[in-house]
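The values are calculated or read from the model by the stated rules, or taken from the named source; none is laboratory data. Just so it is clear, the model here is predicted, and its values are computed rather than measured. For neighbour counting, all protein chains shown are included, and Cβ atoms are generated from backbone atoms with ideal geometry for every residue, glycine included. We work out accessible area using only protein heavy atoms, side chains counted, and drop any ligands, DNA or RNA first. Shrake-Rupley method; radii C 1.70, N 1.55, O 1.52, S 1.80 Å.
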Number of protein chains: 2
Amino acid sequence: MKESLDYFFNPSSVAVIGATTRTGPGVFNPVDILLDKGYRGKIYPVNPKAQDILGVKSYPSVSDIPGPVDLALISTGRTLIPELVRQCVKSGVRGIIVISQGFADADSKGKELQVELMNAIAGTGVRMLGPNTLGLVNNFDSFITSFIHFNTMLAPVGVICQSGMFLTAHDEIFNGCGYAADIGNAADLGFIDIMEYYRRKDSIKVINLHMEGIRGGKAFLELSRAVTLEKPVIVYKTGRTEEGSRAVGSHSGSLAGEDHVYAAAFRQAGIIRAESIDELRDFNKSLIKFNQVPGNRVAVVTVTGGGGIAVLDAIQSCGLVPALLKPETVAEIGKLLPDWMGVSNPVDFWPAAMIYGFDEVYPQILNHVLSDPGVDILVCVINAYYPPGEKNTVNFNFIIEAAREHPDKLVAVWTLGAAKRYWTQFLEEQGQVVAYDSPERLARALGALYNYHHHIRTRKYDEVIKAGPPAPLTIDIKGMSGAAPGDKAMEILAGAGIPVVKDIFARNLEEAANASAELGYPVALKVVSPQVLHKTEAGGVRLDIRDAQGLKNAYLSMLEEVQEKSPGASIQGVLVQRYLSGGIELILGSKMDAEFGPVLVFGTGGIYTEIMRDVAFRIAPVSPAEALEMIGETRAGRLLQGVRGQEKADLNALVKAITCLSDLVTNNPEISEVDINPLLATSKGVVALDGRVIFGVGS
Amino acid sequence: MKESLDYFFNPSSVAVIGATTRTGPGVFNPVDILLDKGYRGKIYPVNPKAQDILGVKSYPSVSDIPGPVDLALISTGRTLIPELVRQCVKSGVRGIIVISQGFADADSKGKELQVELMNAIAGTGVRMLGPNTLGLVNNFDSFITSFIHFNTMLAPVGVICQSGMFLTAHDEIFNGCGYAADIGNAADLGFIDIMEYYRRKDSIKVINLHMEGIRGGKAFLELSRAVTLEKPVIVYKTGRTEEGSRAVGSHSGSLAGEDHVYAAAFRQAGIIRAESIDELRDFNKSLIKFNQVPGNRVAVVTVTGGGGIAVLDAIQSCGLVPALLKPETVAEIGKLLPDWMGVSNPVDFWPAAMIYGFDEVYPQILNHVLSDPGVDILVCVINAYYPPGEKNTVNFNFIIEAAREHPDKLVAVWTLGAAKRYWTQFLEEQGQVVAYDSPERLARALGALYNYHHHIRTRKYDEVIKAGPPAPLTIDIKGMSGAAPGDKAMEILAGAGIPVVKDIFARNLEEAANASAELGYPVALKVVSPQVLHKTEAGGVRLDIRDAQGLKNAYLSMLEEVQEKSPGASIQGVLVQRYLSGGIELILGSKMDAEFGPVLVFGTGGIYTEIMRDVAFRIAPVSPAEALEMIGETRAGRLLQGVRGQEKADLNALVKAITCLSDLVTNNPEISEVDINPLLATSKGVVALDGRVIFGVGS
């Protein structure tokens, strides 16, 4: 029985609604392409003015078609389309692709029309791809819905994209594909439906996403976390706009730009990010060819020493390391080289080739290196100056043979020279070898491959999901909106299980003096004013006050400075805190993202927060293991390990604070932003010295 | 009259010493290649056993050659070569290329042989390229010294490399070249000689360096500073080894790794760094084609909206910005589009093409965008699915015509699709257009082009060189070695013009108490011990001591901690300093580099120094403008501008401190490392709170 998306990708019959009778250059006729590519199902052109289209019998409307219709392609003026969709539904069509533009991609009228389309299929079980799409490609069954001609090339690759170019140039961009779908405006079918479809297809080994944005980030994160354990998912994300002048309520809000949120989600989901179009091709062919990588130790065999060094340079920034050859390997290779030449990695065998001839030494060298137990990956630099069969010096078949004899190792090639495309094709078609255009592209692709097989695929799924239900908040936050007052914010954080500094609210100098005596000097003062959001900038903080005289001086000077810097601010009083010195100042916070929910921020705090931007992001909720991972991603995390005479901080307490904040913001979606800054970390624990909690409008 | 290097690059006669009589696959015969490429000078093979080689009369030795010999190529066993070089010199040969390996690239015997070669030419006026080189390429005159066959391709590009692969694959790597020289071991001729030669050749528009390392960095920096004002210089630097376990005496020493020193030199010289082999090709063709870029505002014209967004994404990380189209342009383009479609950048004209046809609208759109005064650079995304002449939808000739009609603007193309190489060649041959393989490669190349024409070429040379002679140091440092004692280090810094905190040396608690009373509380204590280099780590620092009782507690606890952490350290006493709070903690330092001389380090100091690595490097001496540039490169620099409630620091005082340190280490090369950390910066000036000065061995 067909799954619902089989009606899209592999339909038995297709109605082409709005098909033109014309063909040839400058005419965009899907019937032409269906025929040209050899689609084997029934084609029903629909055009009230035509008898037949390119020799195929045409029908005035979809309801006139005699047999069942799996899929309808609609391409007409936008205002006609809602009615056509309703006709399709009525006629029993199972899937609809709306090719036309001018819906949510356009003006307000278009947005209304798109709602009409959704209403037309609502509750009917009929699904829709688009509008504003080139449709889809199924190269397994030669089914292409496009109205533009392009080359097709089969590979076990699934593509989900938001632009037709990833369909039309799939041969170049992905080195071929099996299925590709342009989700267009994604009014109905989107990333999640189609990823789930590709997940279940054994014919698809690698899934690719071109993403400009996503709705329903949470569900996407959950699905892709599971999918990446089964097959690799690669994303090419565009539309990294800076949110320049957006009003920002907190540091966490300003730090967690849109691209940071996506990056955090991709990382948590185990999705590999391609930073360029070139990487899409390189990553796909690597992940298809190699189901495993034994390790990350790379040896290079080359007749150009400079090329070998370039390879070893490049791999080291991609998570791979130069292999250290065993003494036996060095000795065996040394026998082939002149006395004066040492053997190391890269293995430059040029003089050996000059003495004994390439055909004699090349297979031997390859075998010695691949037999070395300290080598996981062999990279050959080949001088591809002429196409196969012409005057190339080296017989590159030896590489294919060596790879075949050492199936436990990975063999990759940098094809250097103008004939590289011929040799890349030759090597990749003949053997268990992948060839790359430059040392840097080779390094990034092999690094991604290693990362997938050694970190992503092998990770424990339960390590990255929440363990147990979160503790309920002990503070009542119902009906709050805007920024919580300073003392209330700290109360909420304490109620969530995050240690906060002890403080006392004082309305005047006398109360502040009493509070200081009660807490014990040294103390710190912080202004309390609804108008003052960033106290440090406003001059509303005084630290390390040692005695009553110091308190008086500090109190008066602080109020004067605040009034000067924020004229008209209503000062309700001050918070008196015990002053704590030493330790590392951190920021811990969160920001509500419309698609992904709360995003956690952790990193260097204090005056360095915004300048250093030394922060890690995660979509909440996070497990303790993920909290530890966040800490480890930051430079602050290294400081917490106790460098430069700092005491090692209490990481357990810090992990607990992160998971407590994660619980707080996950359970209370009315909280839009949290800043704990500084969160002071010492060997004795962590304590929030200042905190802000902002509630969303309408909570 | 010929310049000395003309004898190498364009000789009238060449002796090929050690020429083999054989030819064909697997035989490496330079005579074969000289004949094959069509060299027009005299060829004199030298081989005692041959009458002729490939039909060219052969001579038993170089002294038997009847006519004058401009250049000799030597390729024989290494031990024979010193005598052959002496014969060449005696016979009046002007230039010698030693192809053979096994010299300084090999064992100790090889190093001795290389010294013999140098002795053989010393004082004779004869120059040598190599040993261990493939020689050179002159594509203007079809003169190639290689013994390996490869394709040649002419372009106005000069190449200087340390590996033969940049000669043999010059067509692919650089998109062709005019001159190329492999300097091999660079025993005699090196980067400087050949760069000076290319500089004077009008036929060379761009100079490329493949550099693994350089001797004589200072002279290289000086020459390339001048050359980059005249023509662009690109470097591909390999061999970025980490100096892992090297013993490090100072933070400045550990921060300024070898690659940082080269990066600083390239930046100061105005050399463009290619981060990949791909960039070499892209940068060269861009710099050759375009002698100017009007500005950095980029508009994209495309029929794939997704592709347009990818381009605008990519350019923004390369110093370019999306153009904001003028209302008139928007209005004109809008006339061609359906009502519901807005016009913005990228300009997606697909619906217009559907309505009116590509040939009708494409030239109009291109003309509107190129006529917009807010657009400097036009990028066209073209769907190159089929080779020229096949079923491509769009007539790409319109791009060439548009570029021709708007010579004041720059037109670039992203060729998307498997037929890209045909279209790249077509467009670049026909018109004032450059085509790139991906949006990311396009962005990096145009970014480098903009940077060259707007920053490097136009910079004021006198801004980057030292103004006036430095002040002499007022402190005697003769005969010092190793780390200067704490008080002496601060004295040297003060003597160099850098403000240092006032301090008093105290040998015991009583003297410390007297010193504190004299300086006034609060004070800070720092241990003085020749064994304690990093005082903070050793527990040898106490800050913010408020009174006599506090002093006693601090003094005793500090000594106890130091003795515990550094057992056996001889404690000579303590330095008592006035304690200063507030301000930003910086590091200012220097490290002696064997090739480039003193390298300055500036950035975030204090506990964040090594963790943040927020530092800028420059080869000394630096001008005040360069010092300011260093500050601007760091995140600390932004903090100094007065963010987050910090007062704006006194940048003039900071610039002065940097130039004073620059003078100190330039004038006193016996100083191997300096660390001023922290250097405290406030609105009132800068002051060194702690400093270390290390003298080199043997000074």
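Brief remarks follow.
- Residue match in the stretch A:684-696 (condition: in a strand (DSSP E or B), more than 13 Å from chain B (Cβ to nearest Cβ), within 29 Å of residue B:540 (Cα to Cα) and out of contact with any strand residue (DSSP E or B) (no Cβ under 8 Å at 6 or more places or on another chain)): yes
Yes or no, residue by residue, for (1) assigned to a helix (DSSP H, G or I); (2) in the same structural domain as residue B:661 (by TED's automatic domain parsing); (3) open to solvent by less than 50 Å² (accessible area, probe 1.4 Å):
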site: B:556; (1), (2), (3): yes, no, no
site: B:560; (1), (2), (3): yes, no, no
site: B:564; (1), (2), (3): yes, no, no
site: B:570; (1), (2), (3): no, no, no
site: B:574; (1), (2), (3): no, no, yes
site: B:592; (1), (2), (3): no, yes, no
site: B:598; (1), (2), (3): no, yes, yes
site: B:607; (1), (2), (3): yes, yes, yes
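- Just one of the numbered conditions (1) among the small types (Gly, Ala, Ser); (2) out of contact with any Gly (no Cβ under 6 Å at 6 or more places or on another chain); (3) within 12 Å of chain B (Cβ to nearest Cβ) is not true of residue A:180: (3).
- Positions within the stretch B:660-683 being crowded, with 24+ Cβ neighbours inside 10 Å, more than 30 Å from residue A:537 (Cα to Cα) and of a type outside the set (A, V, I, L, M), in sequence order: B:662, B:673, B:675
Per-residue answers, yes or no, for (1) more than 30 Å from residue A:437 (Cα to Cα); (2) buried (at least 22 other Cβ atoms within 10 Å of the Cβ); (3) within 14 Å of another protein chain (Cβ to nearest Cβ):
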site: B:289; (1), (2), (3): no, no, no
site: B:294; (1), (2), (3): yes, no, no
site: B:331; (1), (2), (3): yes, no, no
site: B:334; (1), (2), (3): yes, no, yes
site: B:337; (1), (2), (3): yes, no, yes
site: B:351; (1), (2), (3): yes, no, yes
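Yes/no per residue for (1) crowded, with 24+ Cβ neighbours inside 10 Å; (2) among the small types (Gly, Ala, Ser); (3) farther than 16 Å from residue B:407 by Cα:
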| residue | (1), (2), (3) |
| --- | --- |
| B:355 | no, no, yes |
| B:361 | no, no, yes |
| B:367 | no, no, no |
| B:371 | no, yes, no |
| B:383 | yes, no, yes |
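- Condition met for residue A:578 (in contact with a helix residue (DSSP H, G or I) (Cβ under 6 Å, 6 or more places away or on another chain), open to solvent by 10 Å² or more (accessible area, probe 1.4 Å) and within 30 Å of residue B:637 (Cβ to Cβ)): no
- When A:656, A:648 are screened for being within 14 Å of chain B (Cβ to nearest Cβ), more than 27 Å from residue B:638 (Cα to Cα) and either in contact (Cβ under 8 Å) with a residue 24 or more places away in the chain or open to solvent by less than 20 Å² (accessible area, probe 1.4 Å) (or both), only A:648 passes.
- Condition check for residue B:544: under 49 Å from the mean Cα position of the chain (by Cα), at pLDDT below 90, closer than 30 Å to residue A:546 by Cα and more than 14 Å from chain A (Cβ to nearest Cβ): no
- Yes/no for residue A:625 being away from chain B (no Cβ under 14 Å), of a type outside the set (Phe, Trp, Tyr) and assigned to a helix (DSSP H, G or I): yes
- For the stretch A:652-673, the set of residues classified as touching a helix residue (DSSP H, G or I) at 6+ places or on another chain (Cβ under 6 Å), within 11 Å of residue A:600 (Cα to Cα) and assigned to a helix (DSSP H, G or I) consists of A:658, A:659, listed by residue number.
- Being away from chain A (no Cβ under 11 Å) and touching a residue at least 60 places away in the same chain (Cβ under 8 Å) is a description that applies to residue B:301.
So that you can scan it fast, the table gives a plain yes or no per residue for (1) modelled with pLDDT of 90 or more; (2) of a type in the set (S, T, N, Q); (3) assigned to a helix (DSSP H, G or I); (4) in contact with a strand residue (DSSP E or B) (Cβ under 9 Å, 6 or more places away or on another chain):
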{"position": "A:364", "(1), (2), (3), (4)": "yes, yes, yes, no"}
{"position": "A:368", "(1), (2), (3), (4)": "yes, no, yes, yes"}
{"position": "A:379", "(1), (2), (3), (4)": "yes, no, no, yes"}
{"position": "A:382", "(1), (2), (3), (4)": "yes, no, no, yes"}
{"position": "A:394", "(1), (2), (3), (4)": "no, no, no, yes"}
{"position": "A:400", "(1), (2), (3), (4)": "yes, no, yes, yes"}
{"position": "A:404", "(1), (2), (3), (4)": "yes, no, yes, no"}
{"position": "A:425", "(1), (2), (3), (4)": "yes, yes, yes, yes"}
{"position": "A:429", "(1), (2), (3), (4)": "yes, no, yes, no"}
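- The lone exception for residue B:141 - which of (1) more than 18 Å from residue B:36 (Cβ to Cβ); (2) assigned to a loop (DSSP other than H, G, I, E, B); (3) at pLDDT 95 or above it fails: (1)
- Residue in the stretch B:69-92 that is basic (Lys, Arg), within 14 Å of another protein chain (Cβ to nearest Cβ) and either surrounded by 17 or more Cβ atoms within 10 Å (Cβ to Cβ) or within 28 Å of the chain's Cα centre (by Cα) (or both) present: yes
- Any hit, the stretch B:633-642, residues being under 17 Å from residue B:498 (Cβ atoms), open to solvent by 30 Å² or more (accessible area, probe 1.4 Å) and either part of a helix (DSSP H, G or I) or away from every other protein chain (no Cβ under 14 Å) (or both): no
- Filter result (under 35 Å from the mean Cα position of the chain (by Cα) and surrounded by fewer than 18 Cβ atoms within 10 Å (Cβ to Cβ)) within the stretch B:495-535: B:497, B:499, B:533, B:534
- Residue ranges of helices (runs of 4 or more DSSP H) in the stretch A:246-358 with at least 1 members under 26 Å from the mean Cα position of the chain (by Cα), on the phi < 0 side of the Ramachandran plot and of a type in the set (Lys, Arg): A:258-269, A:277-289
- Selection status of residue B:14, in contact with a helix residue (DSSP H, G or I) (Cβ under 9 Å, 6 or more places away or on another chain), within 23 Å of residue B:189 (Cβ to Cβ) and assigned to a strand (DSSP E or B): yes
- Any hit, the stretch B:115-137, residues being crowded, with 24+ Cβ neighbours inside 10 Å and part of a helix (DSSP H, G or I): yes
- Residue within the stretch B:412-419 that is within 14 Å of residue B:278 (Cβ to Cβ), within 14 Å of chain A (Cβ to nearest Cβ) and either open to solvent by 10 Å² or more (accessible area, probe 1.4 Å) or in a helix (DSSP H, G or I) (or both) present: no
- First in the stretch A:404-423 and under 25 Å from residue A:387 (Cα atoms) and among the β-branched types (Val, Ile, Thr), second anywhere and buried (at least 23 other Cβ atoms within 10 Å of the Cβ) and modelled with pLDDT under 90, Cβ under 7 Å, 6 or more apart: A:415/A:384
- Only one of the listed residues (B:31, B:62, B:46) is closer than 25 Å to residue A:356 by Cα and at pLDDT 95 or above. That residue is B:46.
- Evaluation of residue B:148 against (1) closer than 24 Å to residue B:37 by Cα; (2) assigned to a loop (DSSP other than H, G, I, E, B); (3) hydrophobic (A, V, I, L, M, F, W, C); (4) more than 9 Å from chain A (Cβ to nearest Cβ) (one fails), failing number: (4)
Conditions tested, residue by residue: (1) surrounded by fewer than 19 Cβ atoms within 10 Å (Cβ to Cβ); (2) within 14 Å of chain A (Cβ to nearest Cβ).
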{"residue": "B:8", "(1), (2)": "no, no"}
{"residue": "B:11", "(1), (2)": "no, no"}
{"residue": "B:14", "(1), (2)": "no, no"}
{"residue": "B:19", "(1), (2)": "no, no"}
{"residue": "B:29", "(1), (2)": "no, yes"}
{"residue": "B:38", "(1), (2)": "yes, no"}
{"residue": "B:42", "(1), (2)": "yes, no"}
{"residue": "B:50", "(1), (2)": "yes, no"}
{"residue": "B:53", "(1), (2)": "no, no"}
